[in-house]
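Taking it in order: structure first as structure tokens, then the write-up.
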Amino acid sequence: MSTVPDMTDGARTPAAASPAGSQLGELRLRGVSRAYGSYTALHPLDLTIRGGEFVALLGPSGCGKTTALNCLAGLLPLTAGEIVLDGRRVDTVPPEKRGFGMVFQNYALFPHLTVRGNVAFGLKMRGVGRAETTRRVDEVLRLVRLTEQAHKHPGQLSGGQQQRVAIARAIVMEPPLVLMDEPLSNLDAALRLEMRSEIRRIHQEFGLTTVYVTHDQEEALSLADRLVVLEAGRVSQIGTPAELYEHPADPHVAAFMGYRNLLALDVVSVRGSRAVVQRRGLRLTGTLVGGGPVAEGREATVAIRPEDVRVAGPGEQPIAEAVAQIVEYHGRALHVEAVTGDGDRIHLRADGGIRPGDALAVTVDADRALLFPSPGTGPGPDPAGAPGAAEVSR
Amino acid sequence: MSGLPVGTAPAVAGPPAKAALRHRLAERGMDRTLLLVLPAALAVIALFCYPFLYGLQLSFQPAKGGVFGAYRQFFAEPFSRKSVWATFSLAIPASLINVGVSVPISYRMRRDFRGKRLLLALLVVPITLGTVLTAEGILEFYGPAGWFNRTLHLLGLADSPVQLTMNYTGVLLSLVISGFPFAYLLTHSYLSGIHPSLEKAAATLGAGWWQRFRYVTFPLLLPGLMTTFCLSFVMAFAVFPSAMMVGDPNGSTHVISIEAYQAALERFDYAQGSADAMIMTALMLVVLAAVTGLRSRLYRGSTGGKG
């Protein structure tokens, strides 16, 4: 134990850290991977996190995002790779010496301690003095607005309050890095929105560097400076919310970013960045993205957001004829699921006046339909795979 | 009951409809499933309550010495008085050893490792052996000519056989062997009720393994350990067969149960035997009340990950 460097620094005071300044310069993950026997939960992951950044790991359950977080926290040993914090290697350091703050999905509050006892726990372990502990705990409790609840036990608190205790407990140590594992997934919808802005506020006020795991793309988009989209243990794309939203790298990311219409079609002709694709009753012109090989006769996946599909006006060339099947009321707009004569499902937004059973001629602008070359060559291996991927987004 | 505001008051102007009798009974926890308790309740009354009360009144009717004569006799006679000490000096160490040894073992047994099931089976098997079998085994194994002493002799560790049977050590051994599986199983289930994420959280907060145990796991486990101690103590306090077979029933292991047995079935003084049994019960209850009282002052809420 004595040979490992102690990364913690219990003597820091909140006053010493300027509100926006981060204690962390750069955290570098190099080829971090984790396998359970022959099953690889996380393929080599390379990621550099800068101080003050809010990075979200986004993906469906089982994509390896929590594995990555546990590796960062030191709760899981790495199978390969290294983690370097400002030039010091930390992946060989046990969790208690890493000094990272972690917020667990189930909060993991100590049920036998009061709110104050929970928040002070880490300071006590570090041997911080009593007066200093009281001062820091008070300050953090004020920040998360729990001063009134300080004497209560976790069992007496609401879900949102427990969640704030968990955050307070993690940040009172002034950790260089805060790890959050789906902290909002146990809360109801209204509280989730409220806590989302709370987390962002705390991140900024304390000058934290945060890695946040979630399966909710809305949460990730609204909170994070940078997103890492994972699928089956591999990185699909890393970028800012705008980059991912506007330019998804593959159909999987597109599905996560709200492109609910994912259809496998055959390329008919290519001209510049535009291509015409069709299959069965669908024919449309789309914009080529993804930079793979596209040629006539190959398969491509088209990704379109529901809000970009509209009912064709007079004189417009429809991409398909379909019958509205499910019409959901979403306040200002209707969300319509229509089925073409050949069984393809098309999701679209409409202003009103559509009822189940109505026949619709729908269209989309060419720059709003993204075409991804399908992996492999030749005509489509499995057209059913793309709509399946679309299910992931909701 | 505050849950019965409606219907108990007589009808005034436009009273709300009176709740059905069935609902009012259900409010007090009475419904037809209560009948399921009936057979056990009858058995307890017939087989425990009645004999207990019969014994109690018997203990107040000794042949001589008035109402409390048998009780006075017990404490006046040094031989019988010492049985209190003999019983406590066996039951308390045996329970402490059983609980104390269960903690580290079940702490380690939470995680998977090769051979875990085999080890678990070995730990729990003594439960299936009767006290008499265990006692005979101890006599054979630890006796003066048993394998244990022969091995010691072969290794040159002892010149003369170490006396491990027919004395205090033999009974303590027997109590540990037969009591440990219960203590272990209880501790194990209490421990597995503590969510593993609590220790992980403690680790990320800078607690080393000892601090994690000392400040998180142990406080959450302590009420369970006290319950385990109580059960273990009750079993050890009533020690009888092993105290007779591998102990020194007329000396260091002359426990209260032997005293009561000899009074009732060797001297045929039923009143004295009943009084001895009542004293034993009272002493046991004092210890249980003390431990339970202590326990009620601890945190006893949920031990899950979510407070």
Residues of region B:76-131 satisfying the condition of being surrounded by fewer than 12 Cβ atoms within 10 Å (Cβ to Cβ) and not in a helix (DSSP H, G or I): B:111, B:112, B:113, B:114, B:115, B:130
Enumeration of residues in region B:181-209 that are charged (D, E, K, R) and facing another protein chain (nearest Cβ under 7 Å): B:200
Pick from region A:175-186, criterion over 17 Å from residue A:56 (Cβ atoms) and not polar (S, T, N, Q), ranking: surrounded by the fewest Cβ atoms within 10 Å (Cβ to Cβ): A:176
Per-region count, region B:19-60, residues more than 21 Å from residue B:264 (Cβ to Cβ) and assigned to a loop (DSSP other than H, G, I, E, B): 6
Tally, over region A:337-359, of residues that are of a type in the set (A, V, I, L, M, F, W, C) and not in a strand (DSSP E or B): 1
Condition broken by residue A:64, with the remaining ones in (1) more than 13 Å from chain B (Cβ to nearest Cβ); (2) without any contact (Cβ under 8 Å) to a residue 60 or more places away in the chain satisfied: (2)
Lone unmet requirement of (1) modelled with pLDDT of 90 or more; (2) surrounded by fewer than 19 Cβ atoms within 10 Å (Cβ to Cβ); (3) more than 17 Å from the chain's Cα centre (by Cα); (4) not basic (Lys, Arg) for residue B:292: (3)
Unique match (being more than 23 Å from residue A:157 (Cα to Cα) and under 28 Å from the mean Cα position of the chain (by Cα)) among A:128, A:93, A:103: A:93
Hits in region B:164-201 (condition: among the β-branched types (Val, Ile, Thr) and either over 19 Å from residue B:131 (Cβ atoms) or not assigned by TED's automatic domain parsing to the domain that holds residue B:147 (or both)): B:187, B:194
Of residues in region B:12-54 being in contact (Cβ under 8 Å) with a residue 12 or more places away in the chain and basic (Lys, Arg), the one farthest from residue B:277 (Cα to Cα): B:18
In region A:368-391, the residues that are farther than 15 Å from residue A:300 by Cβ and either buried (at least 18 other Cβ atoms within 10 Å of the Cβ) or at pLDDT 85 or above (or both): A:368, A:390
Set B:257, B:197, B:232, B:252: member being assigned to a loop (DSSP other than H, G, I, E, B) and of a type outside the set (Phe, Trp, Tyr): B:252
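Results for (1) β-branched (Val, Ile, Thr); (2) without any contact (Cβ under 8 Å) to a residue 24 or more places away in the chain; (3) surrounded by fewer than 23 Cβ atoms within 10 Å (Cβ to Cβ); (4) within 13 Å of another protein chain (Cβ to nearest Cβ), shown as yes or no for each residue.
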| position | (1), (2), (3), (4) |
| --- | --- |
| A:142 | no, yes, yes, no |
| A:155 | no, no, yes, yes |
| A:163 | no, no, no, yes |
| A:170 | no, no, no, yes |
| A:173 | no, no, no, yes |
Matching option when the condition is out of contact with any Asp or Glu (no Cβ under 7 Å at 6 or more places or on another chain) and under 26 Å from residue B:215 (Cβ atoms), among B:174, B:160, B:178, B:189: B:189
Tally, over region A:125-174, of residues that are of a type in the set (Lys, Arg), farther than 23 Å from residue B:300 by Cα and in a helix (DSSP H, G or I): 5
Positions within region A:49-71 being of a type in the set (A, V, I, L, M) and within 13 Å of residue A:26 (Cα to Cα), in sequence order: A:49, A:55
Conditions (1) of a type in the set (A, V, I, L, M, F, W, C); (2) within 11 Å of the chain's Cα centre (by Cα); (3) closer than 15 Å to residue A:184 by Cα; number of the one not met by residue A:228: (3)
Residue pairs meeting the criteria (Cβ under 9 Å; at least 6 apart or on separate chains; first in the same structural domain as residue B:186 (by TED's automatic domain parsing), in region B:222-239; second of a type in the set (D, E, K, R) and part of a helix (DSSP H, G or I)): B:222/B:295; B:223/B:295; B:226/B:295; B:227/B:295; B:230/B:295
Restricting region A:97-119 to residues that are in a helix (DSSP H, G or I) and over 19 Å from residue A:208 (Cα atoms), the residue that is farthest from the other protein chains (Cβ to nearest Cβ): A:116
Complete set of residues in region B:248-289 that are among the small types (Gly, Ala, Ser) and either at pLDDT 90 or above or surrounded by fewer than 18 Cβ atoms within 10 Å (Cβ to Cβ) (or both): B:251, B:257, B:260, B:263, B:264, B:271, B:273, B:274, B:275, B:277, B:282, B:289
Hits in region B:61-75 - residues which are over 16 Å from residue B:267 (Cβ atoms), without any contact (Cβ under 8 Å) to a residue 60 or more places away in the chain and either in contact with a helix residue (DSSP H, G or I) (Cβ under 7 Å, 6 or more places away or on another chain) or part of a loop (DSSP other than H, G, I, E, B) (or both): B:66, B:67, B:68, B:75
Those residues of region A:317-338 which are within 21 Å of residue A:265 (Cα to Cα), exposed (fewer than 15 other Cβ atoms within 10 Å of the Cβ) and out of contact with any Leu (no Cβ under 8 Å at 6 or more places or on another chain), in sequence order: A:317
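The values are calculated or read from the model by the stated rules, or taken from the named source; none is laboratory data. Nothing here was measured: the structure is a model prediction, and the numbers come from that model. Glycine gets a Cβ as well: all are built from the backbone with ideal geometry, and neighbour counts include every protein chain shown.
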